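Enquirer: So that we are looking at the same thing, I have put the structure below in C-alpha cells.
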Amino acid sequence: MSVPHLLCVSGGPQGKRFLIGAEGVRIGRDPTNTVQISDPEASRFHAEVTLRENGLWVQDTGSRNGVFVNDRRVTSSKSIGPGDRVTIGAHVFTVELVEAEDEEHTVDLSSLMPPPAPPRPMWPLVVAVVALLAVAAGLILSGS
C-alpha cells in the first residue's frame, strides 16, 4: 500500500521526502514546522498539507506571498494529488505516493484522489450547433 509524501524538488531540503500523516505537514520558516524552510519569501507559518477523508489538501495559513499549486495561487485551500507541484517562495514540492514500509502508516489510495467531475450535459452543445446551422442556412438562402 502507498502513503502520501511531499518531495522537495527545489529549495533548501531538495531531495528530502516528508510523510503526510494524520497530523499533516506544516511548512514555513518557524522551527516548529514539520518542514522548516529558510526562504525570505516564506512566512513563519506559511502552509499546511492535510490528509482528509476526501483526499489531500493544501491550505495557505495566512502567508504574505502565497501558496501555488501547479503555478496557480491557492486562495484558501485546494485539493491536491500525485504529481501536483506545491510552490512556496523558491521551494517546490511534488506530491508522491510511496510504498509503505510500515503498516502503521498505510492509507487507502482511493481517498487521495479528488472525486470525478460530474459529466457535463450535452444539450448546450447541441443547441449551439443547431443555432449555428440555422444561421448558416439563413445566410445561404438569403444570398441566392
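The values are calculated or read from the model by the stated rules, or taken from the named source; none is laboratory data. On a predicted model such as this, the values are computed, not experimentally measured, just so you know. Quick reminder, even Gly has a Cβ in these numbers, built from the backbone with ideal geometry, and neighbours come from all protein chains shown. In case anyone asks, the SASA skips ligands and DNA or RNA and just uses the protein heavy atoms, side chains included. Shrake-Rupley method; radii C 1.70, N 1.55, O 1.52, S 1.80 Å.
Enquirer: Would you look at the GNM of the chain, springs on alpha carbons closer than 10 Å, and say which of Pro40, Pro118, Pro82 moves the most?
Expert: Greatest mean-square fluctuation among the candidates belongs to Pro118.
Enquirer: Output the Cα-based Rg and Dmax of the chain in Å, rounding Rg to one decimal and Dmax to a whole number.
Expert: Computed over the Cα atoms of the chain, radius of gyration and Dmax are 22.4, 79 Å.
Enquirer: Here's another thing I want to ask about it. Give the angle, between 0 and 90 degrees and rounded to the nearest 10, that separates the Cα long axis of helix 123-143 from the longest principal axis of the Cα atoms of the chain.
Expert: With rounding to tens, the tilt is 40 degrees.
Enquirer: Now a separate question. Taking all protein chains as present, what is the carbon and sulfur share of the accessible area of the chain, in % to the nearest whole number, probe 1.4 Å? Intermediate results must be reported in sequence, preceding the final value.
Expert: On the way: 5220 of 8960 Å².
Result for the chain: 58 percent of the exposed heavy-atom area is carbon or sulfur.
Enquirer: If you place +1 on the Cβ of every Lys and Arg, -1 on the Cβ of every Asp and Glu, and leave all else neutral, what size is the dipole of the chain about its Cα centre, to the nearest 20 Debye?
Expert: 780 debye
Enquirer: Quote the relative contact order of the chain in percent (integer), defining contacts as alpha-carbon pairs under 8 Å separated by 6+ residues.
Expert: Working: 283 pairs, mean separation 34.1, N = 144.
So the answer I get is 24 percent.
Enquirer: In addition: Work out the charge dipole of the chain with +1 on the Cβ of Lys and Arg and -1 on the Cβ of Asp and Glu about the Cα centre, then indicate which of Thr75, Ala47, His5 is farthest towards its positive end.
Expert: Checking the options against the dipole of the chain, the answer is Thr75.
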